[in-house]
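A short write-up of the structure that comes next.
The values are calculated or read from the model by the stated rules, or taken from the named source; none is laboratory data. Predicted model only: the values in this text are computed from it and were never measured. Here the Cβ positions follow ideal geometry from the backbone for every residue, glycine too, while neighbour counts run over all protein chains shown.
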Amino acid sequence: MIVAIVDGYTDEPAGLGVPPYLGIYPRYAYGAIKKAQKGARIFYITIDDLRATFVGERGIATKNKTPNFSKTQKILEKAGLIVYIGGLHTPGKYLSAVPSQVEEIAKFIKNYKAEKVLGGPAFMGSAHMGGTKVTSKELRMAHSVFDYVVYGDLEAFLFDYLTNPRDADPLRFRSYTELRDYAVLGAEVVRQFPGYPNKVIVEIETQRGCPKAMGIGGCSFCTEPVRYRTVEDREVEDVVVEVKALYDLGVRHFRVGRQSCIFSYRSTPNGRVPIPNPEAVERLFRGIRSVTPDVKTLHVDNANPAVIANYPEESTTIAKTLIKYGTPGNVVAFGLESADPKVAKLNNLNATAEETYEAVKILNEIGGRRGPNGMPWLLPGINIIFGLPGETKKSYEATFQFLKRLLDDGLMVRRINIRQVVVFPGTPLWNMRNKVKTEKHKRLIHHYKYKIRHEIDLPMLKRVVPTGTILREVLAEVHENGLTFGRQLGSYPLIVGVPKKMELGRFYDILIVDHGFRSITGIPIPVNVNTENPKILEMLPAIGKKTVPKILYHRPFSSEDDFFKVVGEEKRKLLRGLITS
Ligand code: SF4
């Protein structure tokens with residue numbers, strides 16, 4: 001049997017699978033197929049491979065181009081089964097990958113004879129931008145193209161389909177016990193990931209469902225408790241054995257990000273705010289580090305600030321564990337969504353502004369110092385959603401004032417993510433969809449976004465990565481308008497723009513020289529003073545416009561001493577380690 005797994009990429013409230021991230025779905029699917037049919041030949045291809053094949057370029061598909069015969073096309077022709085994975089529930093901005101949707105994949109695969117399966121969160125629809133209502137159109141189209149639309153767990157369905165097709169149930173969920181083998185066997189698919197081995201970060205699952213939702217119900221907009229009605233925590237041993245399999249294959253970047261709250265791992269249910277379990281988190285990360293001695297990235301993702309604020313002692317221990325076993329540049333994303341208590345109540349949000357403030361403070365105290373890769377060890381991120389029912393002008397102002405208070409009090413927040421609410425069928429928000437304010441408050445939303453970007457983000461970025469910071473191992477990913485954009489591998493990495501074209505796919509150490517609203521400008525170091533262009537030379541500390549002509553006139557320099565004779569001996573200290581000749 002030949003199987004093609006087509007990754008259209010996924011982004012959900014708890015889980016990411018957009019390159020350089022390899023998400024859980026392709027890995028589990030691969031493992032389930034391997035377990036069911038040892039001899040199956042499984043090819044992992046991405047939506048970008050299909051775009052390149054059928055459109056001749058990366059980007060949005062157009063019908064007008066003649067398809068190229070390629071390896072991808074041959075795989076699809078010979079495949080007995082095509083498994084498409086997709087779904088965007090929390091759309092963001094992606095640096096070098098564009099997630100797909102059913103409409104696009106349908107054009108590419110509909111004429112192939114293979115049986116077709118759709119898996120991942122796509123069955124609930126996808127939102128490619130905030131401020132939209134997801135309709136059943138995508139689902140209707142999915143049913144017309146795919147033989148099976150999987151509403152339960154893709155891996156469970158695939159295993160059943162390949163071992164006992166008659167009983168294969170697209171609604172079936174698997175347990176973590178069943179997942180054990182799929183997860184380990186599925187690690188192997190990483191070999192086919194375009195960034196393998198050193199430009200891939202794998203998303204690791206520890207929990208499904210939302211502990212807060214179990215206590216008082218989910219947040220109005222969230223799909224996590226709609227998909228998973230109960231909370232299940234994965235065994236430490238199962239996570240460790242999967243991580244080991246990936247590490248043994250050469251993976252060095254991990255994000256333990258597939259959970260709604262890492263501080264609630266194996267917590268005790270307790271109404272709105274579960275009681276955290278620091279011992280379990282310690283066992284988890286100690287176990288992971290015991291099998292990943294040379295890990296380069298070990299980060300996490302979401303946390304409920306209410307847990308941290310209400311259990312500061314336990315949470316302090318957990319934060320210290322994340323630092324002890326993890327790597328710097330780690331970010332815990334807090335879902336505040338709105339600082340207006342009325343909006344919070346109406347939408348059943350998880351934490352108050354005061355709780356979020358306390359949680360930010362605790363993380364700053366523990367994680368604020370800078371690590372060897374140039375970033376603070378562990379910082380909070382804040383998620384804001386605009387357009388929720390109940391919002392008034394005062395709500396936007398309250399959220400702005402909350403963020404301003406963090407700034408004025410000298411606290412650090414790694415990033416503020418502002419989304420416009422998306423209405424998914426099945427969520428509590430669906431019943432309030434007529435009260436969604438994205439259209440009505442369009443101008444207000446635009447105004448406050450602008451205000452936050454200018455008055456909060458910019459000074460905050462300057463605090464988090466001041467000029468002169470050196471960010472280590474920044475991966476160059478795209479060229480745009482003569483610039484190169486890159487980022488470190490990790491959770492919510494900063495986007496760095498370098499004012500020249502650099503070879504893509506390579507890692508660079510970058511000296512930060514300037515700040516934008518959400519990204520920073522840097523130059524790769526060490527700077528070769530004999531060959532580097534004037535624009536970059538000018539950005540070196542203590543050089544500037546006036547000194548550059550002197551450098552250009554006198555080069556080549558035979559040594560650093562020769563260079564400092566020309567630019568001035570007093571600059572030597574400031575440029576130590578930053579130049580070469
Ligand atoms: S706390 Fe709210 S947003 Fe977070 S997973 Fe639970 S329901 Fe979703």
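If you check Leu88, Leu154, which single one turns out to be in the same structural domain as Arg27 (by TED's automatic domain parsing), of a type outside the set (Gly, Ala, Ser) and either surrounded by fewer than 18 Cβ atoms within 10 Å (Cβ to Cβ) or over 30 Å from Lys435 (Cβ atoms) (or both)? Walk me through it before giving the result.
Working: Leu88 fails: either surrounded by fewer than 18 Cβ atoms within 10 Å (Cβ to Cβ) or over 30 Å from Lys435 (Cβ atoms) (or both).
Going through Leu88, Leu154 in turn, the sole match is Leu154.
Look at the stretch 333-344 and say how many of its residues are within 14 Å of the ligand (Cβ to nearest atom), outside any loop (DSSP other than H, G, I, E, B) and either in contact (Cβ under 8 Å) with a residue 24 or more places away in the chain or surrounded by 24 or more Cβ atoms within 10 Å (Cβ to Cβ) (or both).
6
Out of the residues in the stretch 519-533 that are in contact with a strand residue (DSSP E or B) (Cβ under 7 Å, 6 or more places away or on another chain) and more than 18 Å from Leu475 (Cβ to Cβ), state the one that is surrounded by the fewest Cβ atoms within 10 Å (Cβ to Cβ). Let's see the steps before the verdict.
We begin by selecting, within the stretch 519-533, every residue in contact with a strand residue (DSSP E or B) (Cβ under 7 Å, 6 or more places away or on another chain); these are 519-529.
Next cut, more than 18 Å from Leu475 (Cβ to Cβ) only: 526-529.
Numbers: Pro526: 14, Val527: 21, Asn528: 16, Val529: 26.
Within the stretch 519-533, the match that is surrounded by the fewest Cβ atoms within 10 Å (Cβ to Cβ) is Pro526.
Looking only at residues in the stretch 180-236 that are of a type in the set (Gly, Ala, Ser), touching a Phe, Trp or Tyr at 6+ places or on another chain (Cβ under 7 Å) and at negative phi, which one is farthest from the ligand (Cβ to nearest atom)? Give the derivation first.
Pass one, the stretch 180-236, residues of a type in the set (Gly, Ala, Ser): 183, 186-187, 195, 209, 213, 215, 217-218, 220.
Next, from what is left, pick out any that are touching a Phe, Trp or Tyr at 6+ places or on another chain (Cβ under 7 Å): 183, 186, 209.
Checking the rest, the ones that are also at negative phi come to 183, 186.
On the way: Ala183: 22, Gly186: 24 Å.
Step by step, filter the stretch 180-236, then rank; the result is Gly186.
Name every residue in the stretch 1-18 that is crowded, with 24+ Cβ neighbours inside 10 Å and farther than 29 Å from Lys212 by Cβ, in order of residue number.
Val3, Ala4, Ile5, Val6, Asp7, Gly8
Listed here are the residues, each with its yes/no results for (1) among the aliphatic types (A, V, I, L, M); (2) modelled with pLDDT of 95 or more; (3) surrounded by fewer than 24 Cβ atoms within 10 Å (Cβ to Cβ); (4) not assigned by TED's automatic domain parsing to the domain that holds Ala306.
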site	(1), (2), (3), (4)
Ile216	yes, no, yes, no
Val243	yes, yes, no, no
Cys261	no, yes, no, no
Thr268	no, yes, yes, no
Ile275	yes, yes, yes, no
Val281	yes, yes, no, no
Pro293	no, yes, yes, no
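Here is a check on your reading of the model: is Thr392 under 25 Å from the mean Cα position of the chain (by Cα) and either within 16 Å of the ligand (Cβ to nearest atom) or modelled with pLDDT of 95 or more (or both)?
Details: under 25 Å from the mean Cα position of the chain (by Cα): no; either within 16 Å of the ligand (Cβ to nearest atom) or modelled with pLDDT of 95 or more (or both): yes.
For Thr392, the condition - under 25 Å from the mean Cα position of the chain (by Cα) and either within 16 Å of the ligand (Cβ to nearest atom) or modelled with pLDDT of 95 or more (or both) - is not met.
Within the stretch 446-488, track down each residue that is among the small types (Gly, Ala, Ser) and either closer than 30 Å to Val421 by Cα or in contact with a Gly (Cβ under 6 Å, 6 or more places away or on another chain) (or both). So that I can check it myself, show each step before the final result.
So the first thing to find is which residues in the stretch 446-488 are among the small types (Gly, Ala, Ser), and the list is 468, 476, 482, 486.
Hits for the stretch 446-488 are Ala476, Gly486.
Within the group Leu444, Leu494, Leu483, Leu504, which residue is touching a strand residue (DSSP E or B) at 6+ places or on another chain (Cβ under 9 Å) and crowded, with 21+ Cβ neighbours inside 10 Å?
On the way: Leu444 fails: crowded, with 21+ Cβ neighbours inside 10 Å; Leu483 fails: crowded, with 21+ Cβ neighbours inside 10 Å; Leu504 fails: crowded, with 21+ Cβ neighbours inside 10 Å.
Among Leu444, Leu494, Leu483, Leu504, only Leu494 is touching a strand residue (DSSP E or B) at 6+ places or on another chain (Cβ under 9 Å) and crowded, with 21+ Cβ neighbours inside 10 Å.
What is the number of the single condition among (1) at pLDDT 95 or above; (2) within 30 Å of Pro20 (Cβ to Cβ) that Gly195 does not meet?
It is condition (1) that Gly195 fails.
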